[in-house]
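K.L.:
Let me give you the structure first, and then I'll get to my questions.
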Amino acid sequence: MPTTIQGYEKIYRAHIAAVLGSRPVAAITTAEVARFRADLLAPHPCRSFVTRGKPNPQRQAAIRSGGKSAMDQRSPATVKHIVGTLKRILDTAVDDQAIPSNPVVAGRRRTTKPGSRAGQPFRHRPLTSSQVAALAAYISNVKGNPIYALVTVFAAYTGVRAAELQGLQVQDVMLSDMPGAAGAVRISRTAARRRVEPGSADPVGVRYTEIRRVYQPGSACSAVVGRRSARVLD
């Protein structure tokens, strides 16, 4: 199962199911969503156990004694992620015509900041080849990191995502010795955003993406792959 879906399921079970899980989606109102968000932002008792990292004896002692430090509070970013998961669930209900609109976004105020771009559609502006080259040169020459300069060019001309790039291994990159022929990248795994054992990665659906002709035989990419020393690809 993809890591993203697993994350949504964990958020649903931990925060959403107990509050809204038994409610029909058509019965969930904007006011309920606002209360749900406010409750998430409010201070709450700390867990008596840890789910990540090492236990803090002082914190556990405070929890047992019931002191002020026994209360915890979620960050706005965490609450936004939880409410965002609820929004995605209700977006599906809108797509299935179970509800006319999503109560998570219904009645949301428009921004009134000067120079606001509210209401304007997103416009994709990919970098030109000259801009990619300039960015790579800056990273290599000014920042002194030629490996990340190679990563920048590689990502720009293959379209691989960050996690896919981190999950690549040398054998996934296939370069052609024929002049003018494009190579290919086999994408079969992503690097997980958590502590994992060396060499492990999350499986994804296998797909191939073409390497644009910026990578010619004898180029920097060919040399790096040939030496099997590009840590960023391993």
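Every number in this text was worked out from the coordinates using simple rules, so none of it is lab data. For clarity, every value in this text was computed on a predicted model and none was experimentally measured. Here the Cβ positions follow ideal geometry from the backbone for every residue, glycine too, while neighbour counts run over all protein chains shown.
K.L.:
Any chance you could get the radius of gyration and Dmax over the Cα atoms of region 122-179, in Å?
P.N.:
Cα radius of gyration and Dmax of region 122-179 are 13.1, 40 Å respectively.
K.L.:
If you don't mind, there's one more thing I want to ask. Please give me the summed charge of the neighbours of Leu20: other residues whose Cβ is under 13 Å from its Cβ, Lys and Arg +1, Asp and Glu -1.
P.N.:
+3
K.L.:
Subtracting the Cα-Cα distance from 0.36 nm times the residue separation, let me have the gained length for Arg88 to Leu127 in nm, one decimal.
P.N.:
11.0 nm
K.L.:
If you take the beta carbon distance between Ala134 and Gln6 as r and set R0 to 41 Å, what does 1/(1 + (r/R0)^6) give as a FRET efficiency, to the nearest 0.05?
P.N.:
Working: r = 39 Å, r/R0 = 0.95.
Result of the calculation: an efficiency of 0.60.
K.L.:
Multiply the residue gap between Asn141 and Thr29 by 0.36 nm, knock off their C-alpha separation, and tell me the result in nm, one decimal place.
P.N.:
Fully extending the segment from Asn141 to Thr29 adds 34.8 nm.
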